[in-house]
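Notes to accompany the following structure.
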Amino acid sequence: MTYFCIVVINNKQVYGKVKDPLFSILVPSWNNIAYLKVCVDSIRKNSTYPHQIIVHVNDGSDGTLEWVREQQIDHTQSEGNIGICHALNAASALSVTDYISYMNDDMYVLPDWDAHLFTEIRNIGHLDFFLSATMIEPRKNGNDPNIISPQDYGDISGNFEEEKLLKEYKDFPMNDWSGASWPPNVVHRSIWEAVGGYSVEFSPGLYSDPDFSMKLWKHGVRVFKGLGKSRVYHFMSKSLNRIELNDGRSQFMKKWGITPGYLYRSMLKMGMPWKGRLKEPFKGIAYGISKWKAGKII
C-alpha cells in the first residue's frame with residue numbers, strides 16, 4: 001500500500017503529503033543535509049505506517065532548506081542554530097497527529113520500527129507513557145542501553161552497507177528495557193503539551209533529555225519503556241564540536257535537586273530489564289548522596 005503521494009517539481013520526482021499520518025516525527029537538523037536525506041528516506045521506505053515528518057532547519061544554507069521545500073516536507077526554520085529545545089518546540093507546533101516522536105537526523109530507521117511502538121501503545125491502553133526505540137551503534141558511546149554492532153556499517157560518505165544492515169539488524173539480541181529517555185522516542189501529544197515540550201533553559205540542549213523525562217515523571221508518567229524490537233541505526237555524526245555547550249548537568253541539579261544519574265539509575269531503572277510500571281524509589285543512601293551533590297551546586 002502506497003502512503004506517499006508522488007508529485008513532480010522542476011522535472012524531479014518528490015514525495016508530497018501523506019494521508020492519515022500516525023506519528024508526527026520531529027527532526028532537528030543543522031546543515032547536515034546528507035544525513036538528513038538518508039534519515040527521511042529510511043522513514044519513507046522502512047515504516048509500516050504513514051507519518052508526518054517535520055524538520056526544523058537550523059540555518060539550512062547547505063541546501064537543506066531548498067531540499068525540504070522541494071520535497072514538500074513540513075518544516076520550520078531559523079536563520080542560525082537555535083538548539084535542540086527551541087527546534088523541537090517550533091517543529092511540534094506543526095504536528096497534526098496524536099503522537100509526537102523525536103528523532104535525530106543521523107539515524108536510519110529499520111523495518112517495522114514504528115509497528116512495534118504502535119503495538120505497544122495499543123497494549124498499554126492509556127496515555128501516560130514514554131517509549132523509545134533501541135539504537136544500534138557501531139561503537140560504545142556511553143549511552144546504555146543500546147546495541148553495539150559487531151561491525152561498523154559505514155556512513156553516508158559512500159561506504160554505508162545498507163543491504164547488509166537490513167539483513168543482519170534482527171540478529172543482535174536485545175530485550176525490552178526500562179528507562180526510555182533518548183531519541184528516537186514517542187509520547188502522546190497531550191502529555192507533550194501538558195509538560196510544555198522541551199525546556200528552552202537547557203539550550204542548546206545538553207541534559208534536555210533527562211529534564212524532559214523528569215517533567216514526565218512529575219506529571220505522573222511511570223511507563224518509561226524501550227523496545228528491543230524497534231530499532232534504528234545511529235551513525236553517531238556529532239554536531240557538539242560546532243556549538244558552545246550549556247552546563248546541563250549543573251542546570252539539572254539546580255532545577256530538580258537531584259543528580260541526573262539518580263534519575264536514570266534509581267527512578268527510571270535505565271537499561272534494566274523491563275518489569276512493568278515504575279514505582280517511587282526508596283529514598284535511601286543513594287538519594288541522600290544525590291541530594292547532597294545537587295545541594296553543592298551554586
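Observations
- Using the Karplus relation 6.51 cos²θ - 1.76 cosθ + 1.60 with θ = phi - 60°, the per-residue 3J(HN,Hα) values for region 191-207 come to 6, 3, 5, 5, 9, x, x, 8, 7, 5, 5, 8, 4, x, x, 5, 6 Hz, with x marking Gly and Pro.
- Residue-span extension gain [residue 93 to residue 167] - 0.36 nm each, minus C-alpha spacing: 22.9 nm
- Dipole moment magnitude, nearest 20 debye, region 156-252 about Cα centre, only Lys, Arg, Asp, Glu C-beta charged: 300
- In plain terms, the C-alpha convex hull of the chain casts an average shadow of 15.9 nm² when viewed from every direction.
- Long-range HN-HN contacts of residue 147 with modeled amide H, under 5 Å: 135, 136, 137
- Of the residues 64, 119, 97, the one that moves most in a GNM of the chain with alpha-carbon contacts below 10 Å is 119.
- For chymotrypsin sites (Phe, Trp or Tyr not before Pro), the sites in region 216-282 that DSSP calls loop and that have at most 10 other Cβ atoms within 10 Å are 282.
- Calculated from backbone phi, Karplus (6.51, -1.76, 1.60) coupling profile of region 117-125 in Hz, x at Gly/Pro: 5, 6, 4, 5, 4, 5, 5, 5, x
- Normalised by the number of residues in region 48-134, the mean separation of alpha-carbon contacts (under 8 Å, six or more apart) gives a relative contact order of 30 percent.
- Using only side-chain charges placed at the Cβ, +1 for Lys and Arg and -1 for Asp and Glu, the dipole size of region 34-83 relative to its Cα centre rounds to 280 debye.
- Taking the charge dipole of the chain about its Cα centre, with +1 at Lys and Arg Cβ atoms and -1 at Asp and Glu Cβ atoms, the residue from 287, 26, 123 reaching farthest to the positive side is 287.
- Rounded to the nearest Hz, the phi-derived 3J(HN,Hα) couplings of region 77-88 under the Karplus curve 6.51 cos²θ - 1.76 cosθ + 1.60 (θ = phi - 60°) are 8, 10, 5, x, 7, 9, x, 4, 5, 4, 5, 5, where x marks glycine and proline.
- Of the residues 216, 263, 127, the one that moves most in a GNM of the chain with alpha-carbon contacts below 10 Å is 127.
- Exposed loop positions in the chain were taken to be trypsin sites (Lys or Arg not before Pro) whose DSSP state is not H, G, I, E or B and which have at most 14 other beta-carbon atoms within 10 angstrom. Between these positions, the longest stretch is 20-138.
Just so you know, all these numbers are worked out from the coordinates, no wet-lab data involved. All values derive from a computational prediction rather than experimental measurement. All Cβ positions, even for glycine, are placed from backbone atoms using ideal geometry, and neighbour counts span all protein chains on display.
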